[in-house]
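Taken together, the values in this text are just the output of simple stated rules run on the coordinates, not laboratory data. As the structure is a prediction and not an experimental result, all values here were calculated from the model. For neighbour counting, all protein chains shown are included, and Cβ atoms are generated from backbone atoms with ideal geometry for every residue, glycine included.
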Amino acid sequence: MGPLSWGGLLLSFLLSSCAAWTEPIKLSSGEAGSYKALGQQISHSAQAVGDLQVQDAYNSPGSKTNLERLLRGETDFALVQLDLVRDAIRKQQRGQNQPSRGPQLQTVAVLANEYVHVITQANSRIRTVADLQGQQVALGAQGTGIRFTSSQLLTAANVSVIVDEATLADAFKKLKAGKIAALVYVGSLGTSGTVRAELNTGRTLRLVPIQRSLANYLTVQNSGSYQSVTIPAGAYRSLPPLPPTNLLTLSTATVLVTRADVDREKVSRMTWALMSTAQEYLPFFDPTLAAQGVEPLLREGLVYVHPGAQAVFDYGDPGATWLRYWQQNQDLQAGAVILVGTSAIGLFVQWLRRRQSRKLIAQTYDKISQLQNSLQHNPQEALVGVEDLRQAHLQQSLDGQVAAETYEQLERITRAFEGQCRTALEQQQQDCAQNALLLVDQWQSMLLADPNVALKQLEYFQQSYQAMFSQKRIDLQTYLRLRELILMSLMLLNPKLPARTTPATSEPSTVDWTR
């Protein structure tokens, strides 16, 4: 057999995965709204680019049902909200005996931004999420991601409501009839015909903002699941605009997910179909993000990416046309034989470097996942950990162990988590300062009732703040402010303090407040 024949066989084997996939691909999307529209677009993309036949179960009420079908093995892919995906992965990791194998649930691509809509009557007294306390509120039907996200929101706000499980269409009818106080909807802007129709007609409904403090709390507590965003003024109605001004709210993402045991080639073909038709998914994203291109959005914020999808993100897909072009071009075959003969070592070295890079990126994600466990109770420790990780990457880059593009990717990953750590640390410090103000107010009230007890309490405050500073739970500036506050209170109220004596000496005792 001649060299051209060997080269032809080699490249034909490498490109054989471009042949048509005959087995139908099963997808669970949704029976209405943006999930149904996304399911239809996925089917079109798969057919047009990958020659894939998609069987979509359109009878799903939403994310939770899709996720359950996927984990039971009834479907190959499913559309699920990112917050629900991350929650499911965390539960899988806690229940695994061998976490190193990774979770059964794995991600493929981000396909949409979903905004939290809290909708009430225009003349309602509800102005914030806190005003929902004790009210009857439609939180989405069972089996939907809306129910999961709305429950997360109300829990974070410490708000209890009477849950109404009406479907979206019925919930709007009840809201306009005054049978419920509000409803919660989570979805892409304008892609739900029901929501747009209800908000675009008449002036009977309005949107309730989510306070920035509540949004920030949720983004810190559920790292990577939510983002604080705004619904642009006039997004649902131009005259008069609805909302009338930019409205603060939360968003999560719609993610196409699969299982770890789904065929790698099947996942690669589906991912390539999505990447090749990325512009078709632009209506499902935040319009302000369009300038940066859609393709980067498809992979932004993903965790535990399926290897088949990661291969497409890293290297793309040659497509079936390359195989046909190879078979018809003798010059290309001859050049390929020379290239294979002279570049095998170089390709092998590149393969090793890429493998090492992927391994380092995976290790970085694992390390950040470990640091996230301490983010809530000790953000300073998490911040030190991620800074050490960045220094290690920098040293590896300077030593030539990491390629420049890999180092840039690692920097993006660690910088993003570092920002989360600093946000959490600032919030912790603010909470400490607020608590300190409350304690001092209580102490001042106590001073009038029992000065001796008040003095002991002030000593306890001093010791507590010293302990917090030594444990790095507050920074130096916050600690100095707290000390100054206590000293000012002591000096202002000093005439009210009785001489404190000990039983042995009957002489006033002193407290060193300048330590």
Inter-label distance, nm, simple model (7 Å from Cα along the C-beta direction), residue 48/residue 177: 4.3 nm
Net charge of neighbours whose Cβ lies under 15 Å from the Cβ of residue 110, counting Lys and Arg as +1 and Asp and Glu as -1: -4
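Take the alpha carbon gyration tensor of the range 197-259, find the square roots of its eigenvalues, order them as a ≥ b ≥ c, and report rounded if a/c is under 1.5; if not, report prolate when a/b exceeds b/c, else oblate.
It is oblate, given that a/c is not under 1.5 and a/b is not larger than b/c.
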Here the FRET efficiency for residue 426 versus residue 398, based on Cβ atoms and R0 = 30 Å and rounded to 0.05, is 0.45
Would you kindly give the portion of the calculated P(r) for the range 105-199 that falls above 22 Å, as a percent of all Cα pairs? 26 percent
Nearest 0.05, what FRET efficiency do residue 459 and residue 228 give at R0 = 30 Å with Cβ-Cβ as r? 0.15
For residue 456, which lysines qualify as cross-link partners when the Cα separation must be under 17 Å and same-chain residues fewer than eight apart are set aside? 496
In nm, what is the difference between 0.36 nm times the number of residues separating residue 167 and residue 23 and their Cα-Cα distance? 48.3 nm
Counting Lys +1, Arg +1, Asp -1, Glu -1, what net charge surrounds residue 122 among other residues with beta carbon under 11 Å of its beta carbon? +3
So if R0 is 51 Å, what FRET efficiency would residue 265 and residue 484 give, r being the distance between their Cβ atoms, rounded to the nearest 0.05? 0.20
Tail weight of P(r) past 25 Å, computed on alpha-carbon pairs of the range 128-264, percent: 28 percent
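Working out 0.36 nm times the residue gap between residue 217 and residue 203, then minus their Cα-Cα distance, what length gain in nm do you get to one decimal?
1.8 nm
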Could you check the simple spin-label distance between residue 363 and residue 74, using points 7 Å along Cα→Cβ, in nm with one decimal? 4.2 nm
Hey, what's the Kirkwood Rh for the range 133-182 if you take every pair of different alpha carbons, in angstrom? 10.9 Å
What is the set of long-range amide H partners of residue 161 at a cut-off below 5 Å, with H atoms built 1.01 Å from backbone N? 134
List, in the order given, every pair from 26/266; 26/64; 266/367 whose Cα-Cα distance in the structure shown is over 20 Å. 266/367
Extension gain, residue 315 back to residue 196 (0.36 nm per residue minus Cα-Cα distance, nm): 38.9 nm
Under the 7 Å Cα-to-Cβ spin-label approximation, residue 353 and residue 408 lie apart by a distance in nanometres of 1.5 nm
